[in-house]
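Working notes, beginning with the structure itself.
The values are calculated or read from the model by the stated rules, or taken from the named source; none is laboratory data. For clarity, every value in this text was computed on a predicted model and none was experimentally measured. FYI the Cβ positions are ideal-geometry reconstructions off the backbone, even for glycines, and counts take in every protein chain you see. The protein model used for the area step is the full one, side chains on, heavy atoms only, and it has no ligands, DNA or RNA in it. Shrake-Rupley method; radii C 1.70, N 1.55, O 1.52, S 1.80 Å.
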Amino acid sequence: GSKVLGEVSLTCNAWQAGNTDGYFAVTGHWIEETTPMQWELKSVLVGFTWLCNAHNGERLGQALYKLVNRIGIAHK
């Protein structure tokens, strides 16, 4: 796959279905300069995962790190 050369901005969404099933999605956004002075906003779903039990801050942080580390952008 292709690599993003600059910074990556992340948006996260967590929700709970029913009483126990939690879900967590992360989307990455960046700008590419396709030709000089022509920029394009790019977005991609980085990951989607099921969270067991409640999704508190610690669990969300762990899930986020696991997703960005898996695709190699934890350093960004």
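Some values worked out for this structure:
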| quantity | calculated |
| --- | --- |
| Residues located in segment 32-53, provided they are under 20 Å from the mean Cα position of the chain (by Cα), at pLDDT below 90 and open to solvent by 80 Å² or more (accessible area, probe 1.4 Å) | 50 |
| Contacts under 8 angstrom Cβ, first residue in segment 15-42 being within 15 Å of residue 5 (Cα to Cα), partner of a type in the set (Ser, Thr, Tyr) and open to solvent by 60 Å² or more (accessible area, probe 1.4 Å), 6 or more apart | 28/9; 28/43; 29/9; 29/11; 29/43; 30/9; 40/34 |
| Residue list for segment 54-76, restricted to those being open to solvent by less than 60 Å² (accessible area, probe 1.4 Å), within 14 Å of residue 8 (Cβ to Cβ) and over 12 Å from the mean Cα position of the chain (by Cα) | none |
| Residue match in segment 19-31 (condition: hydrophobic (A, V, I, L, M, F, W, C) and open to solvent by 70 Å² or more (accessible area, probe 1.4 Å)) | yes |
